[in-house]
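The values are calculated or read from the model by the stated rules, or taken from the named source; none is laboratory data. Quick caveat: nothing in here was measured; it's all calculated off a predicted structure. We place every Cβ from the backbone using ideal geometry, glycine too, and count neighbours over all the protein chains shown. For accessibility, only protein heavy atoms count, side chains too; no ligands or nucleic acids. Shrake-Rupley method; radii C 1.70, N 1.55, O 1.52, S 1.80 Å.
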Amino acid sequence: MKAITFHGVGDVRATDVADPRLVDATDVLLRITTSAVCGSDLHQYHGRGGGALVQTGALMGHEFMGVVEEAGAAVRSVQVGDRVVVPFNVSCGQCDACRQRLTSQCSTTGRAVFGGRFGHLWGGGQAERIRVPFADHLCEKVPADLSDDDALFLGDILSTGYLCAENGGIRPGDSVAVFGAGPVGLLALQSAQLFGPARVFAVDRVDYRLALAEEFGAEPVSLDAGDPAERLRSLTGGRGPDVVLECVGHETPFTQAIQAVRAGGVVSSVGVYVEPSMAFPAREAFFKDLTLKMGICNARAFMTVLMPLVRRGKLRPARIVTHTLALKDAPRGYAIFDAKQDRAIKVMLKP
Ligand SMILES: [Zn+2]
Ligand SMILES: [Zn+2]
């Protein structure tokens with residue numbers, strides 16, 4: 001089959017690889033109908049954070065959905081022909097962490113995700129087919145009236161954006177600032193709107209991302225206009241937003257988020273930090289009495305509950321899709337997404 005494989009910094013290719021096969025009786029094989037390039041794929045693309053674990057030939061991609069083509073003998077909840085979406089974390093559903101719905105911390109799989117640096121062990125979703133283990137636990141059936149573009153993001157960036165908003169503890173009437181208007185930030189923004197904030201601000205540098213954030217009801221704050229923390233304070237009567245959602249994952253926006261939030265406010269962070277450590281403005285955080293929540297999304301726990309919100313149009317994740325490419329054109333998809341060319345926000349791939 002065709003799959004997107006990693007060959008070095010800035011070098012992913014569509015190559016022919018062996019077809020995946022059922023290994024355990026609890027596996028299914030999916031024929032992938034849609035996959036996508038995620039911002040965290042770009043860390044791998046740049047060779048960041050993985051060190052020796054970034055292996056040549058690893059199968060890329062952890063955002064995918066498809067149709068069950070084969071099911072192991074022990075699989076009960078899905079059958080051949082079912083259309084399903086799968087979370088990005090590979091989890092067993094039965095260990096202590098999974099029983100606490102912390103599927104991102106699964107001890108059976110060692111906190112694995114599909115593809116990327118785990119791509120030799122758990123194939124990636126930027127491919128024609130994929131083996132999905134623990135199928136009864138991982139597969140979420142998708143109703144026929146939901147398009148791939150609306151359903152796919154339940155497995156990662158919509159659940160991540162929602163977690164970010166939920167962790168922010170937004171109350172009706174609050175002011176909320178979202179740092180980063182990329183795919184996760186835009187879906188965190190959509191999710192934040194469900195909690196009834198009076199004002200939402202979107203902080204980014206890229207004009208076309210800010211324009212879409214405005215369509216989602218946000219007031220744009222361009223990084224080109226100076227210190228965003230200062231700007232957000234002046235926009236909120238000198239106080240700062242009640243809640244700041246950090247969706248970038250770098251030291252600068254993280255620090256600015258802490259500087260921006262009002263005293264007693266909440267900073268919720270879901271940006272993927274690839275550096276092992278960074279400076280933390282401890283004194284400011286301490287004297288502000290702020291609450292900080294951060295972490296990788298346990299997407300499995302959110303897929304079932306968020307799907308009805310997507311079906312009823314309360315969340316419209318497909319609106320961030322800007323490009324739909326053939327799978328073989330994924331290298332170009334990575335390049336334009338990485339360089340923010342051609343107004344790219346979210347690149348979808350169709351095998
Ligand atoms: Zn992702
Ligand atoms: Zn587990």
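What is the Cα coordinate range of region 1-145 on the first, second and third principal axes, sorted by size from largest, in whole angstrom?
Dimensions of region 1-145 along the principal axes of its Cα atoms: 41, 33, 30 Å.
By per-residue mean of other Cβ atoms within 10 Å, what is the highest-first order of 299-305, 98-104, 38-44?
Per-residue mean Cβ counts within 10 Å order the peptides as 38-44, 299-305, 98-104.
Alpha carbon centre of region 282-312 versus region 168-212: separation in Å?
That distance is 13 Å.
With label points built 7 Å along Cα→Cβ from the Cα atoms of Gln341 and Arg31, find their separation and express it in nm.
With each label point 7 Å from Cα toward Cβ, the separation is 3.4 nm.
Can you tell me the accessible area per residue over region 158-294, all protein chains present, probe 1.4 angstrom, in square angstrom?
Per-residue value: 41 Å².
Based on the alpha-carbon gyration tensor of the chain and its eigenvalue square roots a ≥ b ≥ c, which shape applies: rounded if a/c is under 1.5, prolate if not and a/b is larger than b/c, or oblate? The partial results should precede the final answer.
Working: a/c = 1.77, a/b = 1.62, b/c = 1.09.
Prolate.
Just to be sure I follow the rule: in the chain, considering lysines 8 or more places apart or on different chains, how many pairs have Cα atoms under 28 Å apart?
Here the count comes out as 18.
Out of Met307, Met60, Met278, any idea which swings most in a Gaussian network model of the chain, alpha carbons joined below 10 Å?
Met278
Around Leu325, which amide H atoms from residues at least 5 apart in sequence, or from another chain, sit under 5 Å from its own amide H, with H modelled in the peptide plane?
Residues meeting the criterion, in which the H sits 1.01 Å from N, are Met348, Leu349, Lys350.
Along Cα→Cβ, 7 Å out, is where each label goes; now give me the distance between the ones at Val305 and Met278 in nm to one decimal.
Between Val305 and Met278, the label points sit 2.8 nm apart.
With the chain treated as a Gaussian network of Cα nodes joined by springs under 10 Å, which of Ala74, Ala335, Ala36 yields the largest mean-square fluctuation?
Per the Cα network of the chain with a 10 Å cutoff, Ala74 tops the list.
Can you give the % of DSSP beta bridges in the chain that are antiparallel, to the nearest 5?
Here the antiparallel bridges make up roughly 50 percent for the chain.
Quick one: which of 181-193, 240-252 comes out on top by average Cβ neighbours within 10 Å, and what's the full order, highest first?
Details: 181-193: 27.7, 240-252: 24.6.
By packing density, highest mean first, the sequence is 181-193, 240-252.
Taking the simple approach of a point 7 Å from Cα along Cα-to-Cβ for both Glu251 and Val67, what is their distance in nm?
Calculated label separation equals 5.1 nm.
Could you give the semi-axes, largest first, of the ellipsoid that matches region 158-294, computed as the square roots of 5 times the alpha carbon gyration tensor eigenvalues and rounded to whole Å?
One finds semi-axes of 19, 16, 15 Å for region 158-294.
Residue farthest toward the positive end of the dipole of the chain, with Cβ of Lys/Arg at +1 and Asp/Glu at -1: which of Phe302, Gln126, Gly333?
Phe302
Kindly rank 115-122, 282-289, 323-330 from highest to lowest mean number of other beta carbons found within 10 Å of each residue.
115-122, 323-330, 282-289
Can you tell me which of Ser268, Ser175, Ser77 moves the most in a GNM of the chain? Springs connect C-alpha atoms under 10 Å apart.
Ser77
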